[in-house]
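The values are calculated or read from the model by the stated rules, or taken from the named source; none is laboratory data. Predicted, not measured: the structure shown is a model, and the values here were computed from it. Ideal geometry is used to build each Cβ from the backbone, glycine not excepted, and the neighbour counts take in all protein chains shown.
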Ligand SMILES: [Zn+2]
């Protein structure tokens, strides 16, 4: 994995713009984006301190966020993995998960967290023409549809098939060759050994340098929102004791929803029925079974139309 600072130096005046250009040059940056009041660029983690010195010496204001690029070699480092896939830009219409896909019987009466996805996505008919291995799930959920042959590889590797649901078409028939991965268990809260994350807060909806957005935990179930802090490398961790009863599950959901939520329905002042999207975790054996079908980003990813690409964020049990 590569940790990189995404930097913005503020350049409200011509002088600050000239000084910022000096900083960019002194750090050996060859690629920057210049607009009227800011210069944006990326530097490796070890250049964070030199950046600070160079900007302080010139009294320049800047903001920076530490992001991680995961590579193929990182995918199997953990006990679980979060699969991130960006389908090709030819696929613009995501599949939809309706409230009928959810079972709310175990959900918190206040916030609906703990609702389980029990039925699959409905994919648009145009999705059948998509040639890639993964298809976009419901917007904002980070869930994916997967080619059945990949899911079969996971079943072969793990001996578990209870997470599989054939995806549907708008007329209710099964979408040939596409399946949903449905979580069969919920993880416990993240361990306090996790690093680089915000609890009860998110920076996802804020601009660089703005304060993070804070969320109160649900007063009933105490669930919280988490997001990356972008101030140090992130590492998601669970305690071994809290996960020992979950080892038979191949696809699990996190307990804490990721970033934007809770989303409150302003009309009623209550949380919407589909609020809260905890990310899915795959057992590393499942990741290993399909890793050769994940196209890790390379130079060709961005040529012309964006190619389908993905990566796996390792999650640890300790
Ligand atoms: Zn709750």
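Tabulated results
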quantity: Selection from the stretch 105-131 of residues that are within 12 Å of the ligand (Cβ to nearest atom) and on the phi < 0 side of the Ramachandran plot; calculated: 106, 107, 108, 109, 110, 111, 113, 115
quantity: Residues of the stretch 208-234 satisfying the condition of being in a loop (DSSP other than H, G, I, E, B), surrounded by 17 or more Cβ atoms within 10 Å (Cβ to Cβ) and more than 16 Å from the ligand (Cβ to nearest atom); calculated: 229, 230, 234
quantity: Residue tally, condition within 16 Å of the ligand (Cβ to nearest atom) and either within 17 Å of the chain's Cα centre (by Cα) or exposed (fewer than 15 other Cβ atoms within 10 Å of the Cβ) (or both), over the stretch 189-199; calculated: 1
quantity: Strands (runs of 3 or more DSSP E) wholly inside the stretch 1-77 containing at least 3 residues that are within 21 Å of the chain's Cα centre (by Cα) and at pLDDT 95 or above; calculated: 2-10
quantity: Candidate set from the stretch 235-245 (those that are touching a strand residue (DSSP E or B) at 6+ places or on another chain (Cβ under 8 Å) and under 14 Å from residue 187 (Cα atoms)); member that is farthest from the ligand (Cβ to nearest atom); calculated: 240
